[in-house]
Structures are given as C-alpha cells and as structure tokens.
1. Output the residue which, of all residues in segment A:33-61 that are touching an Asp or Glu at 6+ places or on another chain (Cβ under 6 Å) and closer than 16 Å to A:Gly244 by Cα, is farthest from the other protein chains (Cβ to nearest Cβ).
2. Can you tell me which residue in segment B:67-95 is nearest to B:His119 (Cα to Cα), limited to those that are under 17 Å from the mean Cα position of the chain (by Cα) and part of a strand (DSSP E or B)?
3. Taking segment A:89-99, which residues are surrounded by 15 or more Cβ atoms within 10 Å (Cβ to Cβ) and either within 14 Å of another protein chain (Cβ to nearest Cβ) or not in a loop (DSSP other than H, G, I, E, B) (or both)?
4. Given the condition of a type in the set (A, V, I, L, M), surrounded by 21 or more Cβ atoms within 10 Å (Cβ to Cβ) and either more than 7 Å from every other protein chain (Cβ to nearest Cβ) or part of a helix (DSSP H, G or I) (or both), answer yes or no: does some residue in segment B:49-56 qualify?
5. Tally time: how many residues in segment B:222-237 are buried (at least 19 other Cβ atoms within 10 Å of the Cβ) and either farther than 21 Å from B:Tyr177 by Cβ or outside the structural domain of B:Val193 (by TED's automatic domain parsing) (or both)?
6. Can you tell which of B:Gly133, B:Gly116 is within 14 Å of chain A (Cβ to nearest Cβ), surrounded by fewer than 24 Cβ atoms within 10 Å (Cβ to Cβ) and closer than 25 Å to B:Gly256 by Cα?
7. Can you tell me which of (1) more than 10 Å from chain A (Cβ to nearest Cβ); (2) of a type in the set (Gly, Ala, Ser); (3) at negative phi; (4) out of contact with any Asp or Glu (no Cβ under 9 Å at 6 or more places or on another chain) is the one B:Ala140 doesn't meet?
8. For A:Asp106, indicate whether it is assigned to a loop (DSSP other than H, G, I, E, B), within 14 Å of another protein chain (Cβ to nearest Cβ) and touching a residue at least 12 places away in the same chain (Cβ under 8 Å).
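The values are calculated or read from the model by the stated rules, or taken from the named source; none is laboratory data. Computed from a predicted structure; not experimentally measured. No Cβ is skipped: glycine too gets one built from the backbone with ideal geometry, and neighbour counts run over all protein chains shown.
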Amino acid sequence: MTASKKKTLKKLAANVRMDILTEVYSANSGHPGGSLSIADVLSYLYKCVLRVDPKNPDDPDRDRFVLSKGHTAPALYAILAESGFIPKSELKKFRSIDSYLQGHPDMKHTPGCDMTSGSLGLGLSAAAGMALGAKHQGKDFHVYAVCGDGELAEGQIWEAAMFSAHYKLDNLCVFIDWNGLQIDGKIVDVMNSTPIDEKFAAFGWHVQVIDGHDFDQIERAVNEAKNIVGVPSVVIMKTTKGKGVSFMENQVSWHGAAPNEEQYKQGMAELKAAVEALDK
Amino acid sequence: MSDKKATREAYGEALAEFGAKYKNLVVLDADLAGATKTVTFKKAFPDRHFDCGIAEGNMVSVAAGLSTTGLIPFASSFAMFLAGRAFEQIRNSIGYPHLNVKLGATHGGITVGEDGATHQCLEDFSVMRTIPGMTVICPADAVEARAAVEAAIKYVGPVYLRFGRAATPVLFDKDDYKFEIGKGIVMADGKDVTIVANGFMVAPALEAKELLKAEGIDAAVIDMHTIKPIDAELLYKYVKKTGAIVTAEEHNIIGGLGSAVCEAICEKMPVPVLRVGVEDQFGRSGKVQPLLEYYGLTPKNIAEKCKAAIKLKK
C-alpha cells in the first residue's frame with residue numbers, strides 16, 4: 001500500500017471515529033467502544049473494496065455489507081455519511097424520534113444500509129443468503145459482514161457457518177471484531193468463544209488472523225479472501241475496543257455509554273490531533 | 001366433498017407448478033422436505049431447492065438475505081418450528097424490514113396427530129399476526145391452498161401460510177375458484193348465526209350448518225382464509241344479517257381467528273362471538289378423529305356453540 005493511500009485511509013478512519021463520537025454524544029446513548037474498533041475495516045471496505053454507488057444505493061449488482069453486530073450502528077452511519085449515502089447533518093439526529101438513524105440499522109429507511117440488524121446472530125445468516133442469491137443468479141458481487149466476538153456465542157452464527165461452507169459461499173467474507181470485551185466483561189470470562197480460528201477452520205472456512213487496525217494487513221486479507229475458491233472466508237481482526245480515544249480504549253464500561261461534554265471534547269481533540277499529525 | 005387431500009400436498013404441488021412460471025421462486029427447507037412436501041418442487045427444480053438442515057433460525061434469516069437479491073424464497077418447516085422456533089428471526093429479519101419472504105408452514109394444529117404436543121402448533125396465528133405488515137393465511141382445502149400460494153408469490157411482502165398434515169375434503173372447484181388476500185368467502189348464506197372458520201375447520205363448519213338446519217336454524221358459513229388482514233367488511237355485513245358469530249379454528253382460542261374476529265366486531269358493532277378451538281391447552285398424541293373429538297373441534301360442538309350464541313342475542 002502506498003504511503004498516500006494509507007494516509008487517506010487513516011484520515012478517513014479518524015473522521016469516522018469523530019462522527020461516531022458526535023453521534024453517541026448527540027444521542028446521549030449508543031455503543032462507542034465496538035464502533036471505534038471497526039472504524040478501520042469499514043473505512044477500508046467502503047473506500048477500497050465495495051462496488052457501491054451513493055447515487056444508486058439499490059443497484060442489484062452492488063457488493064453488499066452486513067453489520068451483524070448492529071449495535072455498532074454509529075460506525076456504519078459514519079462511513080455511510082463519509083461515503084455520501086446520507087448527509088453528515090443527519091448524524092447528530094442519531095437515535096432521535098425525527099431521524100431514520102435508528103439505534104440499530106434499519107435497511108428500509110437508511111440509504112446504503114443493506115440489512116436490518118441489531119438482534120445478534122441474525123446478520124451472518126442474512127449475508128449468507130445474499131451470497132447464495134448471487135451465486136444462484138450468476139452474479140459476481142461479494143458480500144462482506146462484520147460480527148462481534150461476543151456475538152459468536154449465538155448458536156445461529158454456527159448454523160450460518162455450517163450453511164456457508166456447505167453451499168461453498170466463496171463470495172462471502174466475514175470479519176470478526178475480536179476486541180475481547182462484551183457488555184458484561186471479558187469474553188473469556190462471560191462466555192469464552194476462543195479459539196475462534198480453530199472453530200471456523202473446523203467448520204470449513206478459510207481463516208486469517210490479522211491486526212484489525214493495520215491497513216496493510218486488512219488489504220492483504222481482503223485480497224486473499226477474494227482469491228479463495230470454494231469456501232467462505234473469515235478474517236479474525238485483533239482490535240482494541242474504543243480505539244483512538246485514549247480513555248475509552250480497552251474499557252468495557254464504554255461498550256454502551258455516551259461521553260459527557262468534557263469527554264466528548266477531549267476525544268474529538270485527540271482524533272483531530274491524530275489527523276493533524278498525519279499532515280506533518 | 002368426495003375427494004380428500006392434505007393442504008400440504010397442494011402446497012408442494014403448487015410450488016412445483018408455479019416454479020415453472022415464476023423463475024425467481026426458490027424454496028428452502030429444514031430437513032423436512034418429505035413432510036412439508038417441498039420435495040415435489042425439489043424434484044422439478046433441484047437447483048432451486050436449498051436444504052438448510054435442522055436450523056430453522058438460520059433458514060429464515062438466509063431467506064431474508066436471498067429476498068434482497070431479487071429472489072422469492074419460500075421457507076418451509078412445520079408451523080411449530082417456523083412460527084415458534086424462528087419467531088424472532090421472522091420478526092427481525094423479515095417482518096421489520098418487510099422483506100418479500102414467504103413462510104410455508106405445514107403441520108399446523110392438532111391434526112398433526114400421533115407426534116403429539118411438541119409438534120402441534122396452536123399458537124402460530126397469534127404470534128404471526130402480531131408482527132406489523134405480516135399477512136397470515138390458512139387455506140381450507142387443496143384448491144384454496146394452490147391459489148393462496150400463487151397469491152403469495154404475486155404479493156410483494158412477507159406472508160405466513162399455514163397448511164395441514166391431514167387430508168381434508170376438497171370444497172372448491174379449481175376451475176372457477178378465485179382467491180383474493182384479505183377477502184373471506186361466503187360458503188353458505190344464513191340468517192340466524194354466522195360460522196367464521198378457516199383451514200381444516202371449514203369442512204366441519206359446513207357439516208354444522210346441516211346439523212342446525214335439521215333443528216330449523218339457518219347458519220351462514222364463511223371461509224376466512226386470511227386471518228390478517230381480516231375481512232372486517234364481510235364480518236360487519238354478516239353481523240348485521242345474523243346478529244351472532246361463532247368462530248372455528250384449529251388453534252388456541254386465545255389469539256387466533258376467534259380473537260381477530262372479536263377485535264374487528266367489538267370495535268364497530270359488538271354482538272355475541274363464541275369461539276371453537278383448542279381451549280388453552282397443549283395437544284396430545286392420537287389419531288386425527290379422536291383428537292378432534294377430544295378438543296371439541298367437531299361439527300356437533302360448532303352447532304352447540306351456534307345455539308348458545310343465538311340465545312345470547314339481545
């Protein structure tokens with residue numbers, strides 16, 4: 001990856017993170033921790049991978065993206081705004097009665113949102129259905145999804161894992177946001193879903209484990225997944241919950257809490273400083 | 001009423017028949033293709049039938065995803081494992097985004113028979129009709145089942161269709177039968193009381209009419225194949241005409257057709273409504289006829305309820 005491409009991506013991700021903070025601060029509720037941890041992969045997907053067009057968001061041949069961990073909707077709305085699907089002004093109305101930006105993604109009313117989600121475990125199955133629909137109709141679009149590590153406790157994830165391998169859905173690529181924390185604590189304490197890699201491998205998937213904040217690794221993983229034939233791909237991303245905002249990093253208390261004014265200002269200042277540092 | 005055929009048989013045949021006409025129709029099953037009769041479609045269109053294994057929740061959400069790519073998926077299993085097991089997937093993956101998925105639920109009600117209570121779904125009308133935007137249909141015979149399948153294909157949006165395991169009399173003539181979602185069918189006119197039935201209970205309702213006729217009572221019979229949206233206008237017409245209603249369904253009397261009829265009538269022109277159905281109990285093993293008698297799903301009980309309803313008239 002060229003230095004300028006990486007810089008562009010880092011700036012985009014920082015903007016996505018600022019959007020996330022603004023949404024959750026404006027709503028005074030929402031889920032910042034797991035939104036911040038997927039800002040990099042969403043930035044890469046929407047900037048470099050997905051064949052999508054904000055002028056034609058329902059193009060039947062477009063690539064699809066499913067945010068199975070739907071509570072991190074702030075990240076999805078942020079990247080949709082940064083990509084031109086929805087106006088940035090809408091972000092401040094997140095979770096309010098006069099906005100279509102629901103607490104969890106609503107595909108019916110949000111341009112660019114490919115699947116309603118929020119009830120954990122359902123999104124991966126829907127993504128598998130899209131991938132099967134593509135194969136069945138001889139279309140070449142790809143389906144990408146992001147699941148949480150806590151979400152892996154849902155039995156339906158493994159139903160979908162079995163199904164996707166059975167139907168050889170090599171047009172499906174799932175990212176696991178392995179930040180190690182869920183709402184009640186560490187995943188290894190609440191319900192240990194590890195080893196994640198061995199489980200997916202046993203289900204017949206192509207498995208990659210990467211640093212989910214390293215764009216070079218994300219790029220390599222996506223390219224490898226695209227070239228895999230006959231099996232679905234999972235990219236297990238080691239991430240930091242709350243990434244980019246110092247006081248939120250690795251703190252489970254920021255799973256579903258909004259910053260106060262002082263915290264919001266501090267978080268925004270940190271992210272702005274990170275962007276400025278890129279230009280120095 | 002000479003021929004008998006299970007509505008699930010008609011369902012499988014209709015999928016195969018309409019599969020030729022509607023190329024984007026695909027069928028999902030959860031290891032019950034032989035029982036739900038989607039196997040008939042599978043034989044005709046093997047590459048459009050996807051077995052999902054014994055994982056109904058995944059099947060329903062997969063169907064949601066398939067529908068977003070322009071296909072019309074019919075997801076099939078027993079009513080218990082669709083409306084019951086996969087309720088939340090139906091609500092959140094299909095109902096909330098109002099996706100174009102059809103749910104073909106067979107083995108509804110107690111006429112499942114020997115398999116017993118775990119497999120006898122008596123709650124599906126209730127839970128399905130509480131999902132906003134969901135259409136809920138339970139055809140009375142094989143002719144109506146076939147027509148309901150095509151109507152569901154043509155309609156854009158989620159539809160729950162309930163079919164039965166047991167053979168039931170063929171009531172309609174295929175050549176002149178017309179099905180319209182949300183429009184009940186007057187099977188027999190009458191002036192003293194109206195029996196509103198669906199599914200397996202339409203034939204016993206017609207028999208009840210004959211029992212009542214012998215006692216000088218003139219009962220109307222309506223086949224209310226669509227539970228949601230309920231045909232309120234037809235109900236009001238017969239409330240005015242007969243002043244008393246008896247509902248008959250193979251479902252818990254709580255939440256199903258009887259409840260839907262009560263809701264419509266109470267809000268506009270309240271009259272006595274008595275409900276024939278399973279009276280808030282679980283099913284049990286047995287052959288079909290003894291089960292129907294055990295739970296009072298008989299022409300005789302419908303007729304008794306009609307007489308009681310007439311007595312309640314002001």
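1. A:Ser37
2. B:Phe78
3. If the condition is that a residue be surrounded by 15 or more Cβ atoms within 10 Å (Cβ to Cβ) and either within 14 Å of another protein chain (Cβ to nearest Cβ) or not in a loop (DSSP other than H, G, I, E, B) (or both), then A:Glu90, A:Leu91, A:Lys92, A:Lys93 are the ones that fit.
4. Within segment B:49-56, none of the residues are of a type in the set (A, V, I, L, M), surrounded by 21 or more Cβ atoms within 10 Å (Cβ to Cβ) and either more than 7 Å from every other protein chain (Cβ to nearest Cβ) or part of a helix (DSSP H, G or I) (or both).
5. Selection size over segment B:222-237: 2.
6. Just a single option satisfies the conditions, and that option is B:Gly133.
7. (4)
8. no
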